[in-house]
Amino acid sequence: MYGTTRGGRRSTRQRAAVLAALTACDGFTSAQTLHAALLADGVEVGLTTVYRTLHLLEAAGQVDMVRDGDGERLYRPRPADGHRHYLLCRRCGLSLAVDSEEVERWAVEVTRTTGFHDVGHTLELTGVCDGCHSGHNDGRTGS
Ligand SMILES: [Zn+2]
Ligand SMILES: [Zn+2]
């Protein structure tokens, strides 16, 4: 492997590299796919570091995370205008941003009435997209 790194400067750079690679990917991306993309770009980074960095980015609110049908975590950069909720196809991984205004209003209301602070929420919608359902989309090959 690549050996451990100490010090914050290097990890800040890795964070930026991981986020940039994630932004370049289309849609939700797994840590493994992202790791391969980083290596292809000449960024020498271990898979564990990619996992850890994605976790940090998620905690910092810079990426959104969903789980696919197998429970694998998939990541996507969070849009500048706040977080989004997605409907994810369990078969092909297609993701659609959905209108979640009602959920957001409800969350704000619950926060207000309970007196809790720093309340966050996660909401995952999964299903089978139209293409997969009608059999036109036989799953992606090579993944
Ligand atoms: Zn699908
Ligand atoms: Zn929300």
* **Rough spin-label spacing in nm, given labels placed 7 Å along Cα→Cβ, for VAL110 and THR12** => 3.7 nm
* Can you put TYR51, TYR86, TYR75 in order, fewest other beta carbons within 10 Å first? -> TYR51, TYR86, TYR75
* **Gaussian network model of the chain, springs between alpha carbon atoms under 10 Å - residue of THR113, THR53, THR29 with greatest fluctuation** => THR113
* Who wins for biggest fluctuation among SER95, SER30, SER11 in a Gaussian network model of the chain, springs between alpha carbons below 10 Å? -> SER11
* To do: Provide the per-residue ³J(HN,Hα) series for region 112-122, in order, calculated from phi with Karplus coefficients 6.51, -1.76, 1.60 and θ = phi - 60°, each as a whole number of Hz, with x at glycine and proline positions.
  => 5, 7, 8, x, 6, 10, 6, 7, x, 8, 10
* To do: In whole Hz, with x marking every Gly and Pro, tabulate ³J(HN,Hα) for region 19-32 from phi via Karplus 6.51 cos²θ - 1.76 cosθ + 1.60, θ = phi - 60°.
  => 5, 5, 5, 5, 5, 6, 7, 9, x, 6, 10, 7, 4, 5
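What does the C-alpha gyration tensor say about the overall shape of the chain? Classify as rounded when a/c is under 1.5, otherwise prolate if a/b is larger than b/c, or oblate.
Oblate, since a/c reaches 1.5 and b/c is not below a/b.
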* **Amide H within-cut-off set for SER30, under 5 Å, with H built and near neighbours excluded** => TYR75
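What is the fewest-to-most order of ARG76, ARG90, ARG10 by other Cβ atoms lying within 10 Å of their Cβ?
Details: ARG76 20, ARG90 15, ARG10 11.
Lowest count first: ARG10, ARG90, ARG76.
Would you kindly state how much longer the chain becomes between LEU56 and ARG84 on full extension, computed as 0.36 nm times their sequence separation minus their alpha carbon distance, in nm to one decimal?
Working: separation 28, 0.36 × 28 = 10.08 nm, distance 1.82 nm.
Length difference between fully extended and current span is 8.3 nm.
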* Asked: Which residues' amide hydrogens lie under 5 Å from the amide hydrogen of LEU125, considering only partners 5 or more residues apart or on another chain, with H built in the peptide plane?
  -> TYR86, LEU88
* What list of ³J(HN,Hα) couplings, whole Hz, do you get for region 41-53 from phi and the Karplus terms 6.51, -1.76, 1.60, once you set θ to phi - 60° and write x for glycine and proline? -> 7, x, 8, 7, 8, x, 4, 4, 5, 4, 4, 5, 5
* Classify region 43-88 as rounded, prolate or oblate, taking a ≥ b ≥ c as the square roots of the eigenvalues of its Cα gyration tensor: rounded when a/c is under 1.5, otherwise prolate if a/b is larger than b/c and oblate if not. => oblate
* Structure fact -> the chain, Gaussian network, Cα under 10 Å: of THR114, THR33, THR126, the residue fluctuating most is THR114
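So if each residue of separation counts as 0.36 nm, and I subtract the Cα-Cα distance between ALA24 and ASP118, what length gain in nm does that give? Can you show the working numbers first?
Working: separation 94, 0.36 × 94 = 33.84 nm, distance 3.07 nm.
Once the chain is fully extended between ALA24 and ASP118, it gains 30.8 nm.
Could you put PHE28, PHE116 in order, starting from the residue whose Cβ has the fewest other Cβ atoms within 10 Å?
Values: PHE28 23, PHE116 9.
Placing the least packed residue first, the sequence is PHE116, PHE28.
Coordinate-derived values only; no laboratory data. Small disclaimer: the values here were computed from a predicted structure and weren't measured. Every residue, glycine as well, gets a Cβ built from its backbone with ideal geometry; the counts of neighbours run over all protein chains shown.
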